[in-house]
Amino acid sequence: LGQAEAEASGSHQLLAEVTLRLGVLEQRLGDPKSAQKTLERALAFAETGRYDRLLPEIWLALVDADVSLGRLAEASRGIDRAAAFLTRLRGSPATMARMHSKRAMVLRALARHREAIELEEQALALSRSTPRSELLVAASLTLLSLSHLALGHDDRALELNRQALALREQVLGPEHTRVAGSLNNIGEALLGLGDTDGARPYLLRALAIREKSLGPEGLEVSNVLVNLAELARVTGRPQEAREHLERALAIRERYVGRQHPSVAEVLHPLGALKLAEHDVTAAILLLERARTIFERAVGAGHPSTALVCVTLGRAELARGAPMAARPILEAAFEILDEADIRPDERAEAAFALARALAVDPAEQARARRLAESARDLYADLGSPVERQLGEVQAWLTGPAPD
């Protein structure tokens, strides 16, 4: 039944159901702005028709659109509204699993990954207790993997995504966009483990599926492009990396606007790439823009903002301005020292601050301690960060800190 037939029926309950399905489809096709508007219409239809049983479903669907648009406060309120209805209506295990996953999604956006893992584990247990729930289980496995990736638990993320891939291929076939999502996540985990040869076929297959199903400019295509850019960067192909990132940037700006945090997520590696190419002026411009977007969207104290500031501090060091770098890096390190981030990100922040402090004779002992902590973190991670480990060791054993 389509939208026109539902409108002709005059039934607000029917209109709510059809409009909900349309909004979910728009979100899956990578159009969160349209999805938000459509789902708000579905909510109005359901409330007018007093269709209480559908209201939690609509609120939970709205959470996806709100998170995609960076509206985290609205997403949290939506989850609370859904939870209130589900408590009264005694929601099914499958619906309760989705509610836990949505709350975990908001926690992930806030970079509270350890809390997100606890909630997603509960969602996974509920999903597995539901009959014929292969896709629900696959979704929980996938979402659980995202926080593990953010914490640098790449082996665990790889295992979870392989399980999700098997379930999705079994139910949906090999060419579905959700299969592409699992392939992309597997590629990202393999990149984290330093297995570039292993990552490449997964990422290329994910790109081919998404381009075929969503078109070359689909929003979810950009997610694969970001990982392909990282693959190109670490395998010594900076021009290809830049092309992937510029294409991803254009796609995201078209869908979510120039001020969305997902745009900053592309500006940051673009700035880092410019820095690696010694184009410090261009790097600083890109990184300042990324920092501004993150500050407006999630605040100056969010780890995403602080991670950009670490790269910005490194850019100031590269242009010979350690005194300008120091306050930026001090503030970033204070945030990141206790944040839910990857160990290599923590090490990068410590080493950058060490280099900024080392020009001050009164701070050289602290600078050395920070560099030694970075060295130890890199040493524990092994081969994926051999280059970074070598840089820290060379700095520690050199004639004088730079």
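The values are calculated or read from the model by the stated rules, or taken from the named source; none is laboratory data. What you see is a predicted model; the values in this text were computed from it and never measured. All Cβ positions, even for glycine, are placed from backbone atoms using ideal geometry, and neighbour counts span all protein chains on display. Surface areas here come from the heavy atoms of the whole protein model, side chains and all, with no ligands, DNA or RNA. Shrake-Rupley method; radii C 1.70, N 1.55, O 1.52, S 1.80 Å.
Observations on the structure shown:
- FRET efficiency for residue 338 and residue 239, using Cβ-Cβ distance with R0 set to 35 Å, rounded to 0.05: 0.40
- Of 37/102; 33/212; 102/274, pairs whose Cα-Cα distance is over 27 Å: 102/274
- Full extension of the segment from residue 246 to residue 288, taken as 0.36 nm per residue of separation minus the current Cα-Cα distance, would add 13.4 nm.
- Residues in the chain average 45 Å² of solvent-accessible surface per residue, probe 1.4 Å, ligands and nucleic acids excluded.
- Pairwise Cα distances in the chain exceed 34 Å for 33 percent of all pairs.
- Spin-label pair residue 364-residue 212: with each label point 7 Å from Cα along the Cα-Cβ axis, the two points sit 6.2 nm from one another.
- Fraction of accessible area attributable to carbon and sulfur, the chain (%, probe 1.4 Å): 52
- Overall form of segment 119-212 per C-alpha gyration tensor (a/c, 1.5; a/b vs b/c): oblate
- Chain lengthening between residue 391 and residue 33 when straightened (0.36 nm per residue, less Cα-Cα): 124.4 nm
- For segment 11-22, Karplus couplings with θ = phi - 60° (6.51, -1.76, 1.60), whole Hz, Gly/Pro x: 8, 5, 5, 5, 4, 4, 5, 5, 5, 4, 4, 5
- Note on the chain: helix-only mean residue ellipticity at 222 nm, from DSSP H runs of 4+ residues weighted -39500 (n - 2.57) and normalised by residue number, equals -26500 deg cm²/dmol.
- Among 295-304, 225-234, sorting by the average number of other beta carbon atoms lying within 10 angstrom of each residue, highest first, gives 225-234, 295-304.
- Fully extended contour minus Cα-Cα distance, from residue 118 to residue 277, at 0.36 nm per residue: 53.2 nm
- Tensor-based shape of segment 212-276 (alpha-carbon gyration tensor, a/c under 1.5 rounded, otherwise prolate or oblate): oblate
- Note on surface exposure: 33, 212 rank 212, 33 by accessible area, highest first, 1.4 Å probe.
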